[in-house]
Amino acid sequence: METLWFLLVALMLTAYVVMDGFDLGVGILHLAVARSGEERRLVLRSIGPVWDGNEVWLLAAGGTLYFAFPLLYASSFSGFYLPLMMVLWLLMLRGIGIEFRTHLHNPLWQSFYDAVFCGSSALLAIFLGAALGNVIRGVPLDASGYFFEPLWTNFTVQAEAGILDWYTVLCGVLALAALAQHGALYLATKTEGALQARARKAAAWAWPLVVLLSVVGLIATLRVRPQMADNYREHAWGFLLPILVGASLGAMLHFRLRGNDRSAFVASAAYLVGMLGGAAFGLYPQVLPASTDPSYSLTIYNTAAPAYGLRIGLIWWCFGMALAIGYFVFLYRRSRGKVKLEAGEEGY
């Protein structure tokens, strides 16, 4: 049951990154690809029906983590208190940037909230990447299973490092580039004309950067935590995940050059799945490694809820996921196709 719930939590976090990742990417590129008020409304309309629904996966993953691995939830939410508060504010600022820009028809007002939306989206991508970097690198857990990290120390990887160091910043920059490319490909599938052309150009610029950062990130990960390769040595089928990453990068380039935006976007989603799946496979069965004493590391076994609760919870989780999946299928089918603005239409 512990392994099953580990997979379910990883699946929900991956669903959040893939689904909310493209509207984060759209926000990152908002000011770069949209040159007029009409184009900015089109950009917002492309994610308008789905952006808030996509964030449900983050809430669901947090709730599942609380239920299935309560000690991990307590330890991580206390140790990462400051960055979690920053992420919460960035999530709120994204929503404010989208919703408040239409309250006044004033260029200064709308430009301000466009900048809020763009800046909060970029910072959120960086913080989410840095958070994953912290989990891979390890945190200074003590014997009680708790820890505290400052925001930064001297930016070196050490036992008592801060939340931000050279490795976690690298992970944040990789997340920024990957989600910007994901958003550009999504925007290319939803728009036409000059806006679509600029979105395709943004994806073209992002692709080599993502490839370079992926390679550098892999090398850095093996240097910072060589134990990440242990599961791959013991279970050769795990190499399917890095193969998926490489194949999806090649597929993105192939489909983008052919002008097949939808298939390139699917390949981008596969890249994110491969990257996150590879990290989860390398960490298993650890869920929060200790950078101090390896015996203090939190695993799926010493953080899990009682087996009876996990079995009963699985039944209710299945009901909840069936409802959520049904809702998302309906939502995405209803909002499929290119976005357009009608003459005299208000709002985004």
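The values are calculated or read from the model by the stated rules, or taken from the named source; none is laboratory data. Computed from a prediction, not measured in an experiment: that's the story for all the values here. Reconstructed Cβ throughout: ideal geometry from the backbone, glycine too, with neighbour counts over all protein chains shown.
Considering only region 63-92, how many residues are without any contact (Cβ under 8 Å) to a residue 60 or more places away in the chain, closer than 30 Å to TYR113 by Cβ and in contact with a Phe, Trp or Tyr (Cβ under 8 Å, 6 or more places away or on another chain)?
So the answer is 4.
Tally time: how many residues in region 77-114 are exposed (fewer than 14 other Cβ atoms within 10 Å of the Cβ), among the aliphatic types (A, V, I, L, M) and in a helix (DSSP H, G or I)?
5
Listed here are the residues, each with its yes/no results for (1) crowded, with 22+ Cβ neighbours inside 10 Å; (2) touching a Gly at 6+ places or on another chain (Cβ under 9 Å); (3) within 18 Å of TYR186 (Cβ to Cβ).
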residue	(1), (2), (3)
ALA247	no, yes, no
ALA251	no, no, yes
PHE255	no, no, yes
ASN260	no, no, yes
ALA264	yes, no, yes
ALA270	no, no, yes
ALA280	no, no, no
TYR284	no, no, no
LEU288	yes, yes, no
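THR292 fails exactly one of the following numbered conditions: (1) touching a residue at least 40 places away in the same chain (Cβ under 8 Å); (2) under 21 Å from VAL43 (Cα atoms); (3) assigned to a loop (DSSP other than H, G, I, E, B); (4) out of contact with any helix residue (DSSP H, G or I) (no Cβ under 8 Å at 6 or more places or on another chain). What is the number of that condition?
For THR292, the exception is condition (2).
Look through THR191, THR221 and report the one residue that is touching a Leu at 6+ places or on another chain (Cβ under 7 Å) and either crowded, with 19+ Cβ neighbours inside 10 Å or closer than 21 Å to GLY21 by Cβ (or both). Reasoning before the result, please.
Numbers: THR221 fails: touching a Leu at 6+ places or on another chain (Cβ under 7 Å).
One residue alone meets the criteria, THR191.
I want to confirm something. Restricting to region 103-156 and keeping residues that are of a type in the set (D, E, K, R) and at pLDDT below 90, which single residue is nearest to HIS182 (Cα to Cα)? Quick ask: steps written out before the conclusion?
The first filter runs over region 103-156 and keeps only residues of a type in the set (D, E, K, R), leaving 114, 137, 142, 149.
Checking which are at pLDDT below 90 leaves us with 142, 149.
Numbers: ASP142: 38, GLU149: 31 Å.
Ranking the candidates gives GLU149 first.
Within region 9-62, how many residues turn out to be part of a helix (DSSP H, G or I), without any contact (Cβ under 8 Å) to a residue 40 or more places away in the chain and over 19 Å from the mean Cα position of the chain (by Cα)?
0
From the list LEU240, LEU272, exactly one residue is in a helix (DSSP H, G or I), out of contact with any Phe, Trp or Tyr (no Cβ under 6 Å at 6 or more places or on another chain) and more than 23 Å from ARG200 (Cβ to Cβ). Which is it? Break it down into steps so the answer makes sense when it comes.
Working: LEU272 fails: more than 23 Å from ARG200 (Cβ to Cβ).
Going through LEU240, LEU272 in turn, the sole match is LEU240.
Can you pull out every residue in region 295-337 that is charged (D, E, K, R) and either part of a helix (DSSP H, G or I) or in contact with a helix residue (DSSP H, G or I) (Cβ under 8 Å, 6 or more places away or on another chain) (or both)?
Within region 295-337, ARG311, ARG333, ARG334 meet the criteria.
Sort out which residues of region 152-190 are touching a helix residue (DSSP H, G or I) at 6+ places or on another chain (Cβ under 6 Å) and not in a helix (DSSP H, G or I), and write them in order of number.
Within region 152-190, PHE155, VAL157, ILE163 meet the criteria.
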